[in-house]
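Coordinate-derived values only; no laboratory data. These numbers were taken from a predicted model, which means no experiment stands behind them. Cβ: placed from backbone, ideal geometry, glycine included. Neighbour counts: every protein chain shown.
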Amino acid sequence: MRMARVAGNVVSTVKDRDYAGQKLLIVDFLDETGRPTGETAIAFDAAQAGVGDVVLVCIDGGASAILLGQKVIADVTICGVVDSVTLEGDTKNYL
């Protein structure tokens, strides 16, 4: 899993029928200090995230079958919205 910030929405009116109703978001990956790494991806949203949210992103495809259903194939899935992170005694709040 990696942390990322939701940067935008993707609208796709023509797609596989198994993807109908699935929300796609653009995410900017973050490093351990919360700074952008410069890497971006398009992710299926299984956590009701919105633009500006810091999220947990599963990047190996394993979460898609569990969170989105067996017929959805996805490498990148948002599986949680981050409230805060504590690292070496320092807590950073994201809400």
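In percent, what relative contact order does the range 2-93 have, based on Cα pairs under 8 Å that are 6 or more apart in sequence?
Answer for the range 2-93 is 27 percent.
Name the longest site-free stretch of the chain, where the excluded sites are trypsin sites (Lys or Arg not before Pro) in a DSSP loop with no more than 15 other beta-carbon atoms within 10 Å.
16-70
Compute the whole-percent fraction of alpha carbon pairs in the range 2-93 spaced more than 21 Å apart.
Cα-Cα pairs of the range 2-93 separated by over 21 Å account for 30 percent.
Can you tell which of 74, 41, 20 shows the greatest fluctuation in a Gaussian network model of the chain with Cα springs below 10 Å?
Among 74, 41, 20, the largest mean-square fluctuation in the Gaussian network model of the chain belongs to 20.
Rounded to the nearest 20 Debye, what is the dipole magnitude of the range 2-93 about its Cα centre when Lys and Arg each give +1 and Asp and Glu each give -1 at the C-beta?
In debye, rounded to 20, the range 2-93 gives about 380.
Which ³J(HN,Hα) values, rounded to whole Hz and listed in residue order, are derived for the range 20-29 from phi using the Karplus coefficients 6.51, -1.76 and 1.60 in 6.51 cos²θ - 1.76 cosθ + 1.60 with θ = phi - 60°, glycine and proline given as x?
Once θ is set to phi - 60°, the couplings for the range 20-29 become 4, x, 8, 8, 10, 10, 8, 10, 9, 5 Hz.
Calculate the dipole size of the range 1-41 relative to its Cα centre from +1 charges on Lys and Arg beta carbons and -1 charges on Asp and Glu beta carbons; express the result in debye to the nearest 20.
The calculation lands at about 180 debye.
Can you give me the distance in nm between label points at residue 94 and residue 14, each placed 7 Å from the Cα along the Cα-to-Cβ direction?
Spacing of the two 7 Å Cα→Cβ label points: 3.5 nm.
Quick one: order 88, 32 by neighbouring beta-carbon count within 10 Å, fewest to most.
By the 10 Å Cβ count, ascending, the order reads 88, 32.
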